1. Got at least one residue in the stretch 71-91 being exposed (fewer than 12 other Cβ atoms within 10 Å of the Cβ) and under 15 Å from Ile47 (Cβ atoms)?
2. Need at least 3 residues that are of a type outside the set (A, V, I, L, M), more than 26 Å from Thr242 (Cβ to Cβ) and in contact with a Ser or Thr (Cβ under 9 Å, 6 or more places away or on another chain) per element, so show me which strands (runs of 3 or more DSSP E) inside the stretch 1-72 make the cut, counting only ones lying wholly within it.
3. Glu203 passes all but one of (1) more than 24 Å from Leu257 (Cα to Cα); (2) in contact with an Asp or Glu (Cβ under 8 Å, 6 or more places away or on another chain); (3) acidic (Asp, Glu); which number fails?
4. Sort through Val222, Val188, Val171 and tell me the only one that's at pLDDT below 95, under 18 Å from the mean Cα position of the chain (by Cα) and either of a type in the set (Val, Ile, Thr) or assigned to a loop (DSSP other than H, G, I, E, B) (or both).
5. State whether the residues of the stretch 33-47 include one that is aromatic (Phe, Trp, Tyr) and surrounded by 23 or more Cβ atoms within 10 Å (Cβ to Cβ).
6. What number goes with the only condition from (1) surrounded by fewer than 19 Cβ atoms within 10 Å (Cβ to Cβ); (2) in contact (Cβ under 8 Å) with a residue 60 or more places away in the chain that Arg182 does not pass?
7. Filter the stretch 279-308 down to residues that are outside any helix (DSSP H, G or I), among the hydroxyl-bearing types (Ser, Thr, Tyr) and modelled with pLDDT of 95 or more and give me whichever is nearest to Gly252 (Cα to Cα).
8. Scan Arg182, Arg210, Arg146, Arg133 and give me the residue that is of a type in the set (Lys, Arg) and under 17 Å from Ile283 (Cα atoms).
Amino acid sequence: MRKVIGVGETILDIIFKGNQPQKAVPGGTVFNGLVSLSRMGVPVSFISELGNDRVGELILAFMEENGLSAEYVDTFPDGKSPLALAFLDDEQNAGYLIYKDYPAQRLDVLLPRIEEDDIFILGSYYALNPALRGRMVEFLEYAKERKAIIYYDPNFRKPHAHEARRLRPAVIENLEYADIVRCSSEDVFHLYGKANVRQIYEEEVRFYCRHFIATQGADEVVLFSGKLEECFDVPPVQTVSTVAAGDNFNAGLIYGLLKYGIRRDNLPTLGREGWEKVVRCGIDFAADVCRSYDNYVSKEFAEAYINC
């Protein structure tokens with residue numbers, strides 16, 4: 001059975017509405033998607049790090065409850081597990097304050113085994129951080145050597161916008177490794193200073209990675225795959241929070257690749273019909289997450305979706 005392997009940050013998200021905390025949930029760009037995939041019955045492995053503290057214990061317990069092994073999580077004795085304060089505005093979009101205290105030694109873990117056509121996902125600043133770059137390239141080289149589908153979500157947020165130029169070489173390197181790239185329109189603006197996703201694909205992505213998906217909040221999803229360009233509508237949703245919507249779009253799209261048996265060698269010839277099936281899964285997952293303060297699809301959604 002094909003597996004999903006991810007590397008990324010693990011963080012405790014504390015969600016505020018009207019300056020009052022509403023909920024505290026474990027999170028992280030890759031983490032959120034893997035929790036959802038695990039709830040869908042997909043075998044997942046997660047490479048990450050946590051402090052040996054109360055927050056770390058809370059997150060590890062949550063991982064166990066949701067079928068994520070801690071085998072590849074580095075629990076460090078020095079430093080503290082990271083926290084993110086997410087402040088929702090009137091449109092339920094989040095602004096973040098993030099607190100981190102990592103040790104000098106990072107990601108001291110073994111790699112999980114990767115097989116051909118497994119899916120390897122990475123993203124956010126974690127995939128660009130100079131302190132982790134050597135290990136990240138090691139992971140990517142291994143995934144490429146094993147012929148996995150490499151899925152990259154830059155998830156490049158405003159607090160790092162001033163570093164965009166300095167981090168560009170690492171972004172390009174990640175794009176070169178990737179088989180599929182998914183960006184939000186907000187991400188590309190912070191990363192490239194441009195809002196037109198077609199321009200981003202033609203000028204910044206296409207040379208490195210053929211398959212590019214741009215999500216635009218409640219607006220249509222745009223797919224670029226060589227000469228193929230398609231738009232997919234997003235049905236209206238009664239939104240409670242948009243936190244982790246993009247992370248779960250990733251999870252849904254990956255679930256679609258697995259559900260419909262799409263392998264790495266199929267990607268260059270995949271047409272509109274095939275892409276629409278997997279993109280619709282991404283839209284469905286994101287919509288479910290927007291209906292609550294949770295960072296992952298509900299267990300009820302997962303059960304119904306598996307059986308539909």
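1. Initially, the stretch 71-91 is screened for residues exposed (fewer than 12 other Cβ atoms within 10 Å of the Cβ), giving 71, 77-78, 89-91.
In the following step, the residues that additionally are under 15 Å from Ile47 (Cβ atoms) were identified as 71.
Yes, there is a match, as at least one residue in the stretch 71-91 is exposed (fewer than 12 other Cβ atoms within 10 Å of the Cβ) and under 15 Å from Ile47 (Cβ atoms).
2. Values: elements: 4-7, 11-17, 20-27, 44-51.
So the answer is 44-51.
3. So the condition that Glu203 fails would be (2).
4. Numbers: Val222 fails: at pLDDT below 95; Val171 fails: at pLDDT below 95.
Step by step, each of Val222, Val188, Val171 is checked, and only Val188 is at pLDDT below 95, under 18 Å from the mean Cα position of the chain (by Cα) and either of a type in the set (Val, Ile, Thr) or assigned to a loop (DSSP other than H, G, I, E, B) (or both).
5. Narrowing the stretch 33-47 to residues aromatic (Phe, Trp, Tyr): 46.
In the following step, the residues that additionally are surrounded by 23 or more Cβ atoms within 10 Å (Cβ to Cβ) were identified as 46.
So far as the stretch 33-47 goes, yes, one or more of its residues are aromatic (Phe, Trp, Tyr) and surrounded by 23 or more Cβ atoms within 10 Å (Cβ to Cβ).
6. (1)
7. Residues of the stretch 279-308 outside any helix (DSSP H, G or I): 291-298, 308.
Subset that is among the hydroxyl-bearing types (Ser, Thr, Tyr): 292-293, 296, 298.
Add one more test, that the residue is modelled with pLDDT of 95 or more, and what stays is 296, 298.
Numbers: Tyr296: 11, Ser298: 13 Å.
So the residue we want is Tyr296.
8. Details: Arg210 fails: under 17 Å from Ile283 (Cα atoms); Arg146 fails: under 17 Å from Ile283 (Cα atoms); Arg133 fails: under 17 Å from Ile283 (Cα atoms).
Within the list Arg182, Arg210, Arg146, Arg133, the selection yields Arg182.
The values are calculated or read from the model by the stated rules, or taken from the named source; none is laboratory data. All values reported here derive from a predicted model rather than from experimental measurement. Please note: Cβ atoms are built from the backbone with ideal geometry, for glycine as well, and neighbour counts cover all protein chains shown.
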